[in-house]
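The values are calculated or read from the model by the stated rules, or taken from the named source; none is laboratory data. Source: prediction; values computed, not measured. In this analysis, Cβ positions are derived from the backbone assuming ideal geometry, glycine residues included, and neighbour counts consider all displayed protein chains. Please note that ligands, DNA and RNA were not included when accessible areas were found on the heavy atoms of the full protein model with its side chains. Shrake-Rupley method; radii C 1.70, N 1.55, O 1.52, S 1.80 Å.
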Amino acid sequence: MTDTTLTDRYVWAATRSVPDGQRADLERELRERIGDATDALVQTGRTTADAERMALVELGDPAALAASYVDRPLQLIGPRYFLTWWRLEKLLYSVALPLTVAAVLFAKLISGADLGAAIGDAVVVGFSLAVHLGFWPTLAFAVLERTPGRSADLQWTPDLLPQLPEVGRPGRRGELIGSLVFLGIFAVAIVWQQFGVIFIGGERQAIPLLNPDLWSFWIPYFLVLIVLEMLFAVAIYAWGWNWWLAVANLVLNVAFVVPALWLFTTGQLVNPEALDVMGWPWGDAGRVIVPILVFTVIGVAAWDVIDGVIKTVRGRGSAMPTLGRI
Amino acid sequence: MSTDETTAGHLQELRRGTVVLACLTRLRTPDYGYALLESLNGLGITVDANTLYPLLRRLEKQGLLTSEWNTDEARPRKFYRTSDAGERLAAALTADWHRIDEALRRLTTGDER
């Protein structure tokens with residue numbers, strides 16, 4: 001038995017991962033190639049050992065050679081699937097992840113957990129979900145990459161082209177009308193509730209829904225705020241989103257949400273008489289309904305602010321706000 | 001990327017298809033990998049072993065070359081030969097080569113029609 005040579009070791013390393021049917025053929029081809037290359041180098045005056053080593057260095061990593069022999073990809077996800085994988089991951093991380101985190105936070109809050117514990121749980125769930133969302137689709141695509149056969153029917157079509165940011169006024173007209181109508185209805189509702197909006201047995205009760213004491217300051221304050229919101233909607237229509245308006249949007253939202261929630265949670269917002277008539281609190285329902293309302297109001301306002309920033313960035317075609325521009 | 005690297009990259013791209021044509025033409029008389037490598041490089045068609053050996057296998061898989069093991073000598077060698085399909089491809093590639101050569105010549109001399 002002769003000593004194992006470098007060639008033997010190279011051939012073994014290259015052929016071990018190749019299917020049985022192709023192994024003998026690859027082994028013979030490799031031995032021919034290494035032998036011929038070594039002989040040629042020996043003829044240039046090198047020792048056999050040096051020549052063999054040089055020949056193997058030129059062949060390169062045996063695993064790469066075997067992979068090219070059996071057409072096995074040397075990347076996790078190749079160009080055939082990369083864009084599909086990338087779009088899917090972006091969708092998962094921008095939709096599934098925030099929705100789940102919000103749902104966990106919300107579920108914890110209505111089940112009576114305090115805010116710190118609820119945020120902690122939401123972060124833990126969010127982190128573990130982020131890992132899963134990264135791992136499993138990537139694994140699926142890596143398997144797909146290694147599956148012989150035609151590519152999946154996830155072809156790009158022109159329908160996938162993104163909409164251009166709406167920069168022209170006509171695109172914003174619908175938004176303006178929507179905002180003005182909604183704000184108008186809202187203002188009318190605030191005034192109208194004074195004359196009673198609660199129906200019992202089909203008969204309207206002459207009881208204001210909001211606390212009548214608020215007319216001294218807060219209700220006029222909110223009405224003024226609604227007028228400002230209308231002016232803001234007109235400004236958006238006239239000039240489009242910019243960083244000034246995005247900041248104004250933030251200020252308006254804070255000016256609405258903070259006092260409204262403060263009045264609501266301290267029990268000053270709703271008329272106690274109206275609560276009596278409605279039979280509030282409805283058993284345990286208050287523990288659920290109050291957090292839902294608070295959560296919804298904060299969520300809607302936060303989204304409105306974020307939406308404004310997104311539209312500002314898109315409209316400008318710039319990625320990041322800079323201080324000079326604000 | 002330096003100018004040399006860019007040039008080398010473009011030269012490699014330009015030559016890629018010509019190596020296929022050279023192999024198909026040269027292997028009308030059967031030969032094995034290393035002998036083919038030597039004779040092509042001797043003719044001035046520079047090709048690397050790491051390019052040529054996988055190429056031969058690919059052409060065989062596509063049915064453009066046939067192969068046979070010669071075990072007469074101590075070291076068994078795989079002899080490749082151009083198949084009928086390979087001959088037809090070589091004819092088509094040669095015709096295209098001449099057409100491109102002619103077109104480029106006219107472009108260079110400004111004799112466009």
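With the condition kept exactly as written, say whether any residue in region B:76-86 is free of Cβ contacts under 8 Å to residues at least 24 places away in the same chain and within 19 Å of A:I34 (Cα to Cα).
Within region B:76-86, one or more residues are free of Cβ contacts under 8 Å to residues at least 24 places away in the same chain and within 19 Å of A:I34 (Cα to Cα).
Quick one: which of A:D36, A:D25, A:D20, A:D8 is open to solvent by 70 Å² or more (accessible area, probe 1.4 Å) and among the acidic types (D, E)?
A:D20
Just one of (1) away from chain B (no Cβ under 14 Å); (2) under 16 Å from B:N50 (Cα atoms) trips up A:E58, so point out which.
Of the numbered conditions (1) away from chain B (no Cβ under 14 Å); (2) under 16 Å from B:N50 (Cα atoms), the odd one out for A:E58 is (1).
How many residues does region A:28-55 contain that are at the interface with chain B (Cβ under 9 Å from one of its Cβ atoms) and of a type in the set (K, R)?
Count: 3.
Which numbered condition trips up B:E60, out of (1) over 25 Å from A:A37 (Cβ atoms); (2) within 14 Å of another protein chain (Cβ to nearest Cβ)?
Among (1) over 25 Å from A:A37 (Cβ atoms); (2) within 14 Å of another protein chain (Cβ to nearest Cβ), the lone unmet condition for B:E60 is (1).
Looking at B:P54 and the list (1) more than 14 Å from chain A (Cβ to nearest Cβ); (2) at pLDDT below 90; (3) open to solvent by less than 60 Å² (accessible area, probe 1.4 Å), which single condition is not satisfied?
Here B:P54 clears every test but (1).
From A:A13, A:A67, which residue is touching a Leu at 6+ places or on another chain (Cβ under 7 Å) and surrounded by fewer than 19 Cβ atoms within 10 Å (Cβ to Cβ)?
Going through A:A13, A:A67 in turn, the sole match is A:A67.
Which of the residues spanning region A:282-295 are open to solvent by less than 70 Å² (accessible area, probe 1.4 Å) and either at pLDDT 80 or above or in a helix (DSSP H, G or I) (or both)?
A:A285, A:G286, A:V288, A:I289, A:V290, A:P291, A:I292, A:V294, A:F295
Closer than 19 Å to B:D96 by Cα and in a helix (DSSP H, G or I): does that describe B:L52?
no
Tally up the residues in region A:219-253 that are of a type in the set (D, E, K, R) and more than 21 Å from A:G184 (Cα to Cα), please.
Residues in region A:219-253 being of a type in the set (D, E, K, R) and more than 21 Å from A:G184 (Cα to Cα): 0 in total.
Please specify each residue of region A:95-130 satisfying the condition of being open to solvent by 80 Å² or more (accessible area, probe 1.4 Å) and closer than 28 Å to A:L160 by Cα.
A:L99
For the subset of region B:63-72 comprising residues that are more than 13 Å from chain A (Cβ to nearest Cβ) and either assigned to a loop (DSSP other than H, G, I, E, B) or among the charged types (D, E, K, R) (or both), which member is surrounded by the most Cβ atoms within 10 Å (Cβ to Cβ)?
B:L64
Given the residues A:D36, A:D8, which is the only one that is under 25 Å from B:N41 (Cα atoms) and either more than 48 Å from the chain's Cα centre (by Cα) or touching a residue at least 40 places away in the same chain (Cβ under 8 Å) (or both)?
After applying the criteria, what remains is A:D36.
If you take the residues of region B:9-46 that are away from every other protein chain (no Cβ under 14 Å), not polar (S, T, N, Q) and not in a helix (DSSP H, G or I), which of them is least open to solvent (accessible area, probe 1.4 Å)?
Result: B:L27.
Give me the residue from region A:212-226 that is within 17 Å of A:L180 (Cα to Cα) and in contact (Cβ under 8 Å) with a residue 24 or more places away in the chain and, out of that set, surrounded by the fewest Cβ atoms within 10 Å (Cβ to Cβ).
The extreme case among them is A:L223.
B:E60: assigned to a helix (DSSP H, G or I), open to solvent by 30 Å² or more (accessible area, probe 1.4 Å) and touching a strand residue (DSSP E or B) at 6+ places or on another chain (Cβ under 8 Å), yes or no?
So B:E60 passes the test.
Could you say whether any residue in region B:73-90 is within 14 Å of chain A (Cβ to nearest Cβ), part of a helix (DSSP H, G or I), under 26 Å from A:E58 (Cα atoms) and open to solvent by 40 Å² or more (accessible area, probe 1.4 Å)?
Scanning region B:73-90 turns up no residue that is within 14 Å of chain A (Cβ to nearest Cβ), part of a helix (DSSP H, G or I), under 26 Å from A:E58 (Cα atoms) and open to solvent by 40 Å² or more (accessible area, probe 1.4 Å).
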